[in-house]
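Reading through the structure tokens given below for one structure.
The values are calculated or read from the model by the stated rules, or taken from the named source; none is laboratory data. Small disclaimer: the values here were computed from a predicted structure and weren't measured. All Cβ positions, even for glycine, are placed from backbone atoms using ideal geometry, and neighbour counts span all protein chains on display.
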Amino acid sequence: MGAGGAASQRAQEARRQERLLREQWQAARRQALRWDAVGEGEQRVFAQLLVLTARGWRLLVDRRWSGTRTADADMLLVGPGGVFVVDIKAGGEPGDADAAGLLAATKAAESAVASLGMSPVAVQPLMVLAGRRLDASLGRIRLLGEHEVGPVLLSQRQRLRVESVRAIADHLERVLPHYAGSALDRPLPPEPEHRRQGASDGLFDLEGLRDAALKGAMRAPIEQWMTFLHPDQVALVRRDWSGPARISGPAGTGKTVVALHRAAHLARRTTGRILYVTFANNLPRVQSTFLKAMAPAVADRVDFRSLHSWAQEFLQERGVPVRLHGDKAETAFSLAWKNVGRGGRLAGLDPAPAYWHEEIDYVIKGRGLTRFEEYAAVPRRRRRASLHRTHRQSVWELYEAYESLRDERGVHDFNDLLSLALAEASRRRERPPYAAVIVDEVQDLTLVGVRLLHALVGDVPNGLLLVGDGQQTVYPGGFRLTDAGIDIRGDRGQVLRTNYRNSKQILDAALTVVADDSFEDLDGMRTPGRRDVDPTYHDGDVVRVTGPTVDAHDRELLNALRSLPDGALADTALLCPSMRLLGHYQRLLTLAGIPVCQLEHYDGRAVAAVKLGTYRRSKGLEFKNVFLPQHDTVFAHGTPAEPTGGTETPATAREREELLRSRLFVAMTRARDLLWLGGVAG
């Protein structure tokens, strides 16, 4: 369909929605007038909520609802967006007593749905101010004017299925008998003329409701969405595991949300501290902020740390000297490559020293190998180059030269930090410092890192939870959990299949990138790149733009960012494959007057700026809109030149390309609603 045809079809649908909403509004107004004990403003708000019942929502009204305000909350509203405890105020500002009453009613609703296995996060207090225009917050309570309440509720993303809405509403009506169901009755008798004349729909935001119903715009900040636990996942959060457990699944299936709620659950039921670890050093700040919003009563008992920062503090507390110095360690490797690597066999396989640095980091030191015979026999998982024994001898010579030069300088590298911590944790057998350890993005850790975290809690029930997905690996090398002495048996390995994040269009585009790249997950299973995923969201956009030059491409990018709706920059990320491009777009956006927040400084609080970072830095995060400028340069910059005299791509280049595709896949799947892919021709 051409652009003109699509626009015409959209206009027809908008007109149809407007007619339908106007009919529903008129019927709802007539029904609301029956509640003559409340004021006209409250009736108008009630009518808007009744309109929602014609669109799959369930409305329960307090039988005591009247002008006397004997109820703490006037209504309970259950729909695709969750459970809302609603209090309607006419005139004046909400006071402390109003807020306390609404929160008490919310707590009662939370207790009521808990028996269904629902998380308290699914229940939201909402105060609607009749005759006002407002969208603000009062602590946990969201404040909305009567103009805003309809569009905001209609524009909520679908979080509950139809059968869940029905079951939850029926349950609430049973356990809270003072609330009775109310719905838009049809047909209703014609409204008397004298009533119709006074029942103007001028305060009914028809255009706003129409746009909300048509576009499905999700107005809540992305940070609020990222902590929502789907009811289908609550049982997983509360499950008792007899030993170490693992949660895996494709991108967007809610693994991190489950892990966060698991941390809160364990903190409530134990007296010890909970350690929540990830590889990236920016994620702990974000996840800590989310937990404080989700479960403030227990948030101070969960330690969010990056693995290396935790290990360094652990060693310092125990008096183990650590001399971590990345730059000096890099210098030691450069000299080792110059002395024993550059002119030897390894350069013939891959002249890039980075590949062999990774071999040492992820295969030798990352696995804790200390003897050549161990290295000679170890499977080099996720490494494509086939190394004969003579090649491995050359790698070992490079490793020994590096270690000697590093020791001369008296410094440690990041792998040494983890090895020292593992030795200390294994040596000391006192009471474990943590009741439980949760590891997010476990596929990004080295084998030594996983062994270290396992050593903190061992195989005690509910002690170790590993969360991650091998397809989203952004670092070379790999391992199996059995290599770490971790046995995931039976139902202690859970695979999530339902995607709650990405629209179908975005998910399809991302899966196309990795469709041909099968991968070995941490359980040793070979898994196809295009996996079966059940998407729940079908209304998103993938925009592809190719400019003849970088300047033309960048103009298109700026135009696209500027054309986003008001406030959308707060839910937008611009991600780059390299630090070089990151610097370029930092300068471009700053000169264009577009506010920027570096992902390394982002702490999970809503900020009105584009989040800017690398593909790897975006791990574990999600955004409504994701822009990937010059994404097509990933492979042009990452693939080495073909060897002289041959047309076959070398194994190391294939490995690098797979890793680059995995990183691009991760970046693409950060997008919820809009994915913008920019390219440069030629």
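Results for (1) more than 18 Å from residue 49 (Cα to Cα); (2) modelled with pLDDT of 85 or more; (3) assigned by TED's automatic domain parsing to the domain that holds residue 45, shown as yes or no for each residue.
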position	(1), (2), (3)
95	yes, no, yes
114	yes, no, yes
137	yes, yes, yes
150	no, no, yes
158	no, no, yes
186	no, no, yes
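Would you point out which residue out of 482, 473, 536 is modelled with pLDDT under 90 and within 28 Å of residue 374 (Cβ to Cβ)? Of the residues listed, the single one that is modelled with pLDDT under 90 and within 28 Å of residue 374 (Cβ to Cβ) is 473. Only one of the numbered conditions (1) under 29 Å from residue 356 (Cβ atoms); (2) of a type in the set (Gly, Ala, Ser); (3) not assigned by TED's automatic domain parsing to the domain that holds residue 245 is violated by residue 485, and that is (3).
Here is a yes/no grid of residues against (1) part of a helix (DSSP H, G or I); (2) in contact (Cβ under 8 Å) with a residue 40 or more places away in the chain:
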site	(1), (2)
546	no, yes
553	yes, yes
558	yes, no
566	no, no
603	no, yes
607	no, no
621	no, yes
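Taking residue 508, is it closer than 24 Å to residue 156 by Cα, acidic (Asp, Glu) and assigned to a helix (DSSP H, G or I)? For residue 508, the condition - closer than 24 Å to residue 156 by Cα, acidic (Asp, Glu) and assigned to a helix (DSSP H, G or I) - is met. Of all residues in region 285-305, which are in contact (Cβ under 8 Å) with a residue 24 or more places away in the chain and within 17 Å of the chain's Cα centre (by Cα)? Selection gives 285, 286, 287, 288, 289, 290, 291, 293, 294, 304.
Among the residues of this structure, residue 251 counts as one that is closer than 30 Å to residue 512 by Cα, outside the structural domain of residue 603 (by TED's automatic domain parsing) and either under 16 Å from the mean Cα position of the chain (by Cα) or assigned to a strand (DSSP E or B) (or both).
Of the strands (runs of 3 or more DSSP E) lying entirely inside region 40-152, those carrying at least 2 residues that are without any contact (Cβ under 8 Å) to a residue 40 or more places away in the chain are 135-138, 141-145. Put simply, of 172, 176 the only residue that is in contact (Cβ under 8 Å) with a residue 12 or more places away in the chain, in the same structural domain as residue 121 (by TED's automatic domain parsing) and surrounded by 21 or more Cβ atoms within 10 Å (Cβ to Cβ) is 172.
Let's see how each residue does on (1) of a type in the set (Lys, Arg); (2) surrounded by 14 or more Cβ atoms within 10 Å (Cβ to Cβ):
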site: 535; (1), (2): no, yes
site: 551; (1), (2): no, no
site: 562; (1), (2): yes, no
site: 567; (1), (2): no, no
site: 571; (1), (2): no, yes
site: 584; (1), (2): no, yes
site: 613; (1), (2): no, yes
site: 618; (1), (2): no, yes
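For residue 72, the criteria (1) at pLDDT 85 or above; (2) closer than 16 Å to residue 125 by Cα hold in every case but one, which is (1).
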